[in-house]
Amino acid sequence: MPRHFIRIRDLGPDARVLLIRAGEMKKSRFRSDLLHGKILVLLFEKASTRTRLSFEVGIRRLGGGCIFMTPAESQLGRAEPLEDTARVIGRYNDGIVVRTFSEEKVRKLAEYSGIPVINALTDQGHPCQVLSDVFTMYERRPDLDKVKVAWVGDGNNVANSFIEAAMVFGFALSLACPEGYDPDPSLLAEAQAAGAAVTLGRDPKETVAGAHFVNTDVWASMGQESERKAREKAFKGFFVDGALMSSAAPGAFFMHCLPAHRGEEVSAEVFEGQASIVFDQAENRLHTQMAVMERLFTDMHIERNKT
Ligand code: CP
Ligand code: NVA
């Protein structure tokens, strides 16, 4: 059975090992032939800069090849069922990196393709981003379980993955979201029931107090463009500026998965300031995803050798 990376919790209890491995790969500018002769499909139903580039570069650094595919350029755009597309991809290719709307589609690809599938963003989560974000925090604070992370703004896909990350890596997470824009309530309840230090409030200043990392994201995610006006109204006050950063712990860092809208969720001053580690987060996508691919494909290699 191939292994997949669909949610942060798929990493299991040895998730920290991946952080260590990503660090080694970053330091050594890691190259290998692990994926030699293997070709992964990047199936993207939404726009991307970082995710596409970091996967294409990472796959090549591991010696593999990739094919970028969108619905518009394939029969998916003409209503060929995903189950059929998945089975075809599985006959030619060795892995799938998918960016789409529902996690259900990612699971369907995993079920029908028979090859490892990596979730490169859905409306419900963005595990690759948040793994990179956790690694970026870990570089500064290896004692992750003593760290407080604040999330200000939309309880969106990235926020959901942060809740899972708080469960897996043991950091405290406080979210401030406007009413009506909360993260997945069942995930939040599950995290709290499992004893994770995850709280949800409405006041950004209270939420950020004492935080070591202050995180935000756009007010309207991909696919929510028609809600932009309503969201602009709802999110007034849910932005990160110098005043809000000064409520955080001394030396706190500012984080954003990018792309960012200066003057909306973050001020230009904070975005460009000393505390901002947004481009480290972007760089670390490459290293953490290489560590994920190494894990998925090394395990598969062992399984194939066994049979
Ligand atoms: N952060 C992120 O996933 O960026 P892209 O949409 O550019 O891939
Ligand atoms: N929440 C954003 C993240 C983009 C990387 C979106 O889904 O558009």
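The values are calculated or read from the model by the stated rules, or taken from the named source; none is laboratory data. What you see is a predicted model, and the numbers here were worked out from it, not measured in a lab. Quick reminder, even Gly has a Cβ in these numbers, built from the backbone with ideal geometry, and neighbours come from all protein chains shown. To get the accessible areas, we keep the full protein, side chains included, count just its heavy atoms, and leave off ligands, DNA and RNA. Shrake-Rupley method; radii C 1.70, N 1.55, O 1.52, S 1.80 Å.
Points to keep in mind about this one:
- Trypsin sites (Lys or Arg not before Pro) within the range 29-86: DSSP coil, no more than 14 neighbouring Cβ in 10 Å: 29, 31
- The alpha-carbon of residue 205 sits under 20 angstrom from the alpha-carbons of these lysines, leaving out residues fewer than 8 places away in its chain: 148, 233, 236.
- Amide H contacts under 5 Å for residue 66, placed H, 5+ residues apart: 40
- Probing with 1.4 Å while keeping every protein chain in the model, the per residue accessible area of the chain equals 44 Å².
- For the chain, the relative contact order is 20 percent, taking Cα pairs closer than 8 Å that sit 6 or more residues apart in sequence and dividing their mean separation by the residue count.
- Karplus (6.51, -1.76, 1.60) ³J(HN,Hα), θ = phi - 60°, over the range 67-76, in Hz, Gly and Pro reported as x: 10, 8, 9, 10, x, 4, 9, 10, 6, 4
- Proximal charge balance of residue 48 [Cβ under 14 Å; K/R count +1, D/E count -1]: +3
- Sparsely packed trypsin sites (Lys or Arg not before Pro) within the range 128-218, loop by DSSP, other Cβ within 10 Å at most 15: 202
- Carbon plus sulfur fraction of accessible area for the range 138-257, probe 1.4 Å, in percent: 55 percent
- When shorter helices are ignored and each DSSP H run of at least 4 residues is given -39500 (n - 2.57), the per-residue value for the chain at 222 nm works out to -13500 deg cm²/dmol.
- The range 160-176 - phi-based ³J(HN,Hα) in whole Hz, Karplus 6.51/-1.76/1.60, Gly and Pro as x: 4, 5, 5, 4, 4, 5, 4, 5, 6, 9, x, 8, 7, 10, 10, 10, 10
- Ranked from largest, the principal axis spans of the Cα set of the range 157-243 equal 37, 30, 18 Å.
- Cβ-based net charge around residue 164, under 14 Å, with every Lys or Arg adding one and every Asp or Glu removing one: -3
- Debye intensity ratio in log₁₀ form over the Cα atoms of the chain, taken at each q of 0.14 Å⁻¹: -1.05
- For the range 52-194, the spread of Cα coordinates along the three principal axes comes to 46, 37, 24 Å, biggest extent given first.
- Sequentially through the range 49-63, phi angles give Karplus couplings (6.51, -1.76, 1.60; θ = phi - 60°) of 10, 5, 5, 4, 5, 5, 6, 4, 5, x, 4, 5, 4, 8, x Hz, Gly and Pro residues having no value and appearing as x.
- The share of Cα pairs per 5 Å bin across the range 1-59, counted from zero up to the longest distance, runs 4, 12, 17, 24, 26, 16, 2 percent.
- Distance from the range 188-234 to the range 90-121 (C-alpha centre basis), Å: 28 Å
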